[in-house]
Amino acid sequence: MNDAGLAESAAEDLKWHDAMNALQPGNRLLRVVEEEVYEGRCLAKIPVALGIREPAYNRRLNVPASALERGELSIRRQAAPTPKWRNARGFEPSTKTLATAVGAPAVTREEVFSGDPYNNVSENIFSKMGRNLHHQEDHPLGIIKNVIWEYFDTLDGKAFEKFDDLKPIVSTEMNFDQVLVPKDHVSRSPNDTYYVDEETVLRCHTSAHQTETLQQGHDRFLVIGDVYRRDTIDATHYPVFHQMEGVRVFEPAEWEAAGVDGTEFAAKELKETLEGMTRHLFGNVEMRWVDAYFPFTEPSFELEIFFKGEWLEVLGCGVMQQQILDGAGGEGKKAWAFGLGLERLAMVLFEIPDIRLFWTEDERFTKQFKAGDFTPGGAGIKFQSFSKFPPCLKDVSFWVNDEFTENNLCEQVRNIAGDLVENVVLIDDFTNKKINKRSNCYRITYRSMERSLTNEEIDALQEKVRETMAGEMGLELR
Ligand code: DAH
């Protein structure tokens with residue numbers, strides 16, 4: 001490249017970074033992808049994180065202020081003068097490559113707090129919506145996401161499409177019915193799921209998007225997003241986490257050519273694909289397939305790996321129930337699907353001991369991770385723990401009433417103390433036969449990842465917890 005060319009692309013890169021910087025503080029830019037088109041077909045959608053690392057791209061930026069306000073960004077990439085660059089599959093990019101940026105469909109307060117009596121979403125949960133940790137390329141969750149995306153880009157044939165900005169508010173139809181979750185399944189209970197109203201929930205898994213994405217005509221895709229579950233609190237459970245869903249559809253000609261039936265064909269392809277993905281993440285590890293049950297697949301499997309001295313479940317998957325595929329316009333075809341949790345993989349690979357760390361903005365955590373340092377097995381990135389501040393333990397005893405559930409208690413505690421709650425555990429449970437009443441004692445551990453807590457502030461929080469238990473929860477404290 002001559003000097004003028006260099007100067008031009010440097011200037012463009014600057015403009016590019018300006019645009020990114022302008023967008024990031026509000027976290028409104030959800031997704032920027034460059035579509036790589038060949039003979040009219042989209043071969044790959046390259047997330048911007050990868051695009052930025054490719055200075056040979058001659059980007060033209062045109063970002064009107066109004067677009068920034070809306071969190072939208074539209075980028076047109078001009079044809080490279082001499083298209084030397086080839087993608088992983090050896091094609092040259094078309095001269096009409098288009099880059100698009102999609103604004104975040106921001107979740108508004110009104111959408112979440114419907115005022116409906118069925119609503120059980122808390123402020124604490126709402127505050128996590130739109131954080132989009134998986135969009136940060138140097139965040140451990142962003143790193144895992146991109147490593148898996150990269151793997152799917154190396155596969156032969158048409159590229160997998162990627163969706164990481166689908167709205168987490170979905171209908172109960174999408175979250176449960178479309179993926180055949182039985183009517184009496186526990187996950188439908190408001191004790192386990194966040195309801196906006198009786199027919200709308202915060203998705204509890206990315207499987208909620210299978211049907212709509214298939215209906216749009218996509219036949220191989222990945223969906224990544226934040227999912228929400230009411231749950232107890234400890235080092236590995238957090239009411240918001242991130243999942244990736246993968247789906248691939250096959251035509252009859254594909255299994256006929258192989259001389260096997262569709263289910264067998266899909267199951268074999270599924271296992272090969274996911275074993276490859278697992279090696280891409282974990283290196284050469286021992287793997288085993290375990291039979292499993294999911295409402296959406298038949299047969300269903302879990303993949304386990306032997307890693308750091310123990311067997312670890314990596315993902316759930318299976319051959320998609322034909323009813324789901326048929327209902328989404330895929331009659332006569334076959335499909336596989338898988339789902340995995342990003343936090344768990346990141347915790348194991350990078351030795352992150354507490355799930356709350358993903359949410360901290362403490363630089364002692366965030367500065368430790370760099371996308372470029374990833375190596376299969378995670379050895380290139382190891383979390384170095386920084387000094388832990390002392391915990392503060394508080395016990396509360398009460399007579400249990402009919403409405404009491406542990407999830408409700410955790411939800412209330414988290415609402416009051418946010419991420420300062422490390423743990424809520426039942427330490428005593430007895431029934432007084434004479435008066436036929438059951439007593440529980442819970443121990444709440446408060447600890448900050450970032451600073452020392454004062455006795456006064458913990459006492460104030462604990463007092464609020466007790467008030468809420470005695471008030472809203474109607475419990476008789478002892
Ligand atoms: N939705 C499941 C969960 O949240 C994960 C999962 C399992 C997704 C198997 C799938 C699948 O697509 O085939 O636990």
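The values are calculated or read from the model by the stated rules, or taken from the named source; none is laboratory data. Keep in mind that what you see is a predicted model, and the values were worked out from it rather than measured. Counting neighbours? That spans all protein chains shown, and the Cβs are built from the backbone with ideal geometry, glycine included. The area values use the complete protein model at the heavy-atom level, side chains included, leaving out ligands, DNA and RNA. Shrake-Rupley method; radii C 1.70, N 1.55, O 1.52, S 1.80 Å.
General observations
- The gain in end-to-end length when the Lys183 to Tyr293 segment is fully stretched comes to 38.0 nm, 0.36 nm per residue minus the alpha carbon separation.
- Heavy-atom accessible area for Leu420, with the other protein chains in place and a 1.4 Å probe, reaches approximately 40 Å².
- Shape parameters for the stretch 288-342, alpha-carbon atoms, Rg then Dmax in Å: 13.4, 45
- Extension gain, Lys308 to Asp261, is 13.1 nm, computed as 0.36 nm per intervening residue step minus the present C-alpha separation.
- Net charge of the neighbourhood of Glu406, taken over other residues with C-beta under 13 Å away and scored Lys/Arg +1, Asp/Glu -1, is -3.
- Dimensions of the stretch 267-379 from C-alpha coordinates, computed as largest minus smallest value along each principal axis and given longest first, are 52, 30, 24 Å.
- Computed accessible area, Tyr293, all protein chains, 1.4 angstrom probe, square angstrom: 150
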